[in-house]
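Engineer: Sharing a structure, written as structure tokens. Questions coming.
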Amino acid sequence: MNLGEQYLQRINDGRKVWLRNQVIDHVAKHPVFAETTRTIADLLNKQTTPETCEELSYTNQDNTSRTNMAFLVPRSIEDLFRRHNAFKYYANATFGVTDGLSQYARSVLTGHYASRNFIGIGNHYSRKLEAYYKLVSENDLLCTIASHDPQENRSHLPSKLDGSDSRLRVVNETKEGIIVRGARMAAANAPYVDEILISFYDPRSREDQHHGSMFAVAAHTPGVHIVCRDSFVTKEIENHPLSGRYEDMDSVIIFDDVLVPWERVFIASDPEAIKKVQQDPVAAALAQHQSVVRLLSNLEFIAAVGHALTSASEVKTLLHVQEKMGELIIQLEAIKGLLLSAEHRSSPIYENIWLPDERTLHTARNLGARFYPRSIEILQQVGSDTLLQNPATLEEFNGPIGHLLRNYYRGADREALERTKLIKLAWDLVGSPLATRRKIQEQFFWGDPVQALAVQYENYPKESLTEAVWKLVETKSR
């Protein structure tokens, strides 16, 4: 049985996935999730295909099997390039629309594993994290990260919310493990994964001791409820080529007095240890590297659709259209240049863990939060009302007025049916619910974009800039 088939069988495990007040009995067969899980299965199979095996996987330390490239701890700049190439392959295969293979979450886990002995938490953390990393990587498991509190009252820390039961916390400890209750959000693709890693990006104080734990659970663990937003999927794939194929489902994970075995508890009720994990640069750098590669794939796809769209109506020769298309090219080339710069300026940390340049990655990330919404706006502008003047379905070309549609919907360089398919693709990219979700994700995936810029300013070595200024100001006239 190939990796894809193993995966499809594996996720039929009794997990509690909730959609529209119903539990989904078999995720892989449900119409909302079937296309996405099939895509994931196909991508998993590429890992063992002779033509792509070397690009997407590496031989593990025991030389017993091959492991997905996201689990590779980079020990050289060449290893960063290998990770880049694998991420780019997967991103291009889905046009950057989905991260169904959990390459981001896998990179976070790989970073935690790589730095486990260097951040001063203790042997118990190191030992458990190493065992968990081996479990996930050697069995090619998919995972997601639930890292944010429910947005009940963001002005207060958990300990200051009187009577609130929403934020995840430890309610009891037993010989078997900890009992946790509460919710975590921003768990992308949770219905499709094997494992859910609970980490924290939100601040924790000493008073929040019971709210400061880091652990992992299997998706089918009793008491774990995966609550999905409404789906954007449509059964008409031909009319919705992106929405019909890819559902990056967002979920809230509810823990209803869940027992987490001690071997899966990396940090128990220890805000100071959580702070050390938050400040560790390895997981953040490896995850940001993956997300910037996917951003590049996104921008390349948008530019490609824009060029096809303007060619189909022969407006690509108009100066104002060329200006906007040129802006799309500048965006993708800027991100490409920053990505290559981050890799070529990489350096080792701890015991030869090779990381891309942090400052350059942050620049790409912060620009991406602005580039992506702007690129969608440009597509809307160059497409204009053409995006709205389309038959409802492609089947109409075979209907009573099909001959009229084939005559009046043709493009400058395409027949009517092909042009209509292109416009439907463009609309799916800029005007559908999926498009809105993608725009929000790219703007806020790394948090508040305003704060992100402020942090970059605060951390920048500004003295190197102002030294010349003060030297000039203080120079006496001759």
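The values are calculated or read from the model by the stated rules, or taken from the named source; none is laboratory data. Note that the coordinates shown come from a computational prediction; the quantities given were computed from them, not determined experimentally. Cβ coordinates were reconstructed from backbone atoms using ideal geometry, including for glycine residues, and neighbour counts include every protein chain displayed.
Engineer: Evaluate the following for Asp428: is it assigned by TED's automatic domain parsing to the domain that holds Leu299, at pLDDT 95 or above and acidic (Asp, Glu)?
Structural biologist: yes
Engineer: Further question on the same structure: With the requirement that a residue be within 22 Å of Trp262 (Cα to Cα) and within 24 Å of the chain's Cα centre (by Cα), what does segment 213-241 give you?
Structural biologist: Scanning segment 213-241 gives Ser213, Met214, Phe215, Ala216, Val217, Ala218, Ala219, His220, Thr221, Val224, His225.
Engineer: Given the residues Ser346, Ser341, Ser311, which is the only one that is buried (at least 21 other Cβ atoms within 10 Å of the Cβ) and among the hydroxyl-bearing types (Ser, Thr, Tyr)?
Structural biologist: On inspection, the qualifying residue turns out to be Ser346.
Engineer: Identify the residue in segment 108-136 that is at pLDDT 95 or above and touching a Lys or Arg at 6+ places or on another chain (Cβ under 8 Å) and, among all such residues, is farthest from Ser57 (Cα to Cα).
Structural biologist: Tyr125
Engineer: With among the hydrophobic types (A, V, I, L, M, F, W, C), free of Cβ contacts under 8 Å to residues at least 24 places away in the same chain and part of a helix (DSSP H, G or I) as the only criterion, which of Ile302, Ile330, Ile335 stands out?
Structural biologist: Ile330
Engineer: Taking helices (runs of 4 or more DSSP H) that fall entirely within segment 392-478, which contain at least 1 residues that are under 23 Å from Ala308 (Cβ atoms) and among the aliphatic types (A, V, I, L, M)?
Structural biologist: 402-408, 416-430, 433-444
Engineer: Which one of these is at pLDDT 95 or above, under 18 Å from Leu129 (Cα atoms) and within 24 Å of the chain's Cα centre (by Cα): Val252, Val293, Val282?
Structural biologist: After applying the criteria, what remains is Val282.
Engineer: Of the numbered conditions (1) surrounded by 15 or more Cβ atoms within 10 Å (Cβ to Cβ); (2) over 14 Å from Tyr89 (Cα atoms); (3) out of contact with any Leu (no Cβ under 9 Å at 6 or more places or on another chain), Gln61 fails exactly one; give the number of that condition.
Structural biologist: Condition not satisfied by Gln61: (1).
Engineer: Continuing with the same structure: Can you say whether Gln389 is part of a helix (DSSP H, G or I), at pLDDT below 95 and surrounded by fewer than 19 Cβ atoms within 10 Å (Cβ to Cβ), as far as the supplied structure shows?
Structural biologist: No, not satisfied.
Engineer: Can you give me the number of residues within segment 225-275 that are of a type in the set (S, T, N, Q), in contact with a His (Cβ under 6 Å, 6 or more places away or on another chain) and in contact (Cβ under 8 Å) with a residue 40 or more places away in the chain? Show your work before the answer.
Structural biologist: Filtering segment 225-275 for residues of a type in the set (S, T, N, Q) gives 231, 234, 239, 243, 251, 269.
From what's left, in contact with a His (Cβ under 6 Å, 6 or more places away or on another chain): 234, 269.
Keeping just the survivors that are in contact (Cβ under 8 Å) with a residue 40 or more places away in the chain gives 269.
Qualifying residue count, segment 225-275: 1.
Engineer: All but one of (1) over 30 Å from Asn92 (Cα atoms); (2) in contact (Cβ under 8 Å) with a residue 40 or more places away in the chain; (3) not in a loop (DSSP other than H, G, I, E, B) hold for Leu197; which doesn't?
Structural biologist: All conditions are met except number (1).
Engineer: Criterion first (surrounded by fewer than 23 Cβ atoms within 10 Å (Cβ to Cβ), of a type in the set (Asp, Glu) and in the same structural domain as Pro241 (by TED's automatic domain parsing)) does Glu263 satisfy it?
Structural biologist: When the stated conditions are applied, Glu263 passes them.
Listed here are the residues, each with its yes/no results for (1) modelled with pLDDT of 90 or more; (2) surrounded by fewer than 21 Cβ atoms within 10 Å (Cβ to Cβ); (3) assigned to a loop (DSSP other than H, G, I, E, B).
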{"residue": "Tyr201", "(1), (2), (3)": "no, yes, yes"}
{"residue": "Asp208", "(1), (2), (3)": "no, yes, no"}
{"residue": "His220", "(1), (2), (3)": "yes, yes, yes"}
{"residue": "Ile226", "(1), (2), (3)": "yes, no, no"}
{"residue": "Ser231", "(1), (2), (3)": "yes, yes, yes"}
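Engineer: From the list Arg66, Arg15, exactly one residue is under 24 Å from the mean Cα position of the chain (by Cα) and either under 26 Å from Leu355 (Cβ atoms) or surrounded by fewer than 19 Cβ atoms within 10 Å (Cβ to Cβ) (or both). Which is it?
Structural biologist: Testing whether each residue is under 24 Å from the mean Cα position of the chain (by Cα) and either under 26 Å from Leu355 (Cβ atoms) or surrounded by fewer than 19 Cβ atoms within 10 Å (Cβ to Cβ) (or both) leaves just Arg66.
Engineer: Looking at Arg410, Arg414, Arg419, can you tell me which residue is in contact with a Leu (Cβ under 8 Å, 6 or more places away or on another chain), over 17 Å from Ser243 (Cα atoms), surrounded by 12 or more Cβ atoms within 10 Å (Cβ to Cβ) and not assigned by TED's automatic domain parsing to the domain that holds Gly96?
Structural biologist: None of the other options fit; the residue is Arg414.
Engineer: Turning to a different aspect of this structure: Find all pairs meeting these conditions: Cβ atoms under 6 angstrom apart; at least six residues apart or on different chains; first residue within segment 357-383 and assigned by TED's automatic domain parsing to the domain that holds Gln288 and surrounded by 17 or more Cβ atoms within 10 Å (Cβ to Cβ); second residue at pLDDT below 95 and not in a helix (DSSP H, G or I).
Structural biologist: Listed by first residue and then by second, the contacts come to Arg365/Trp446.
Engineer: When Ile302 is evaluated against the numbered criteria (1) at pLDDT 95 or above; (2) within 26 Å of Leu142 (Cα to Cα); (3) within 20 Å of the chain's Cα centre (by Cα); (4) aliphatic (A, V, I, L, M), which criterion, by number, is the only one it fails?
Structural biologist: (2)
Engineer: Looking only at segment 392-402, filter to residues that are without any contact (Cβ under 8 Å) to a residue 60 or more places away in the chain and either farther than 25 Å from Ile237 by Cβ or small (Gly, Ala, Ser) (or both); which one of those is surrounded by the most Cβ atoms within 10 Å (Cβ to Cβ)?
Structural biologist: Gly402
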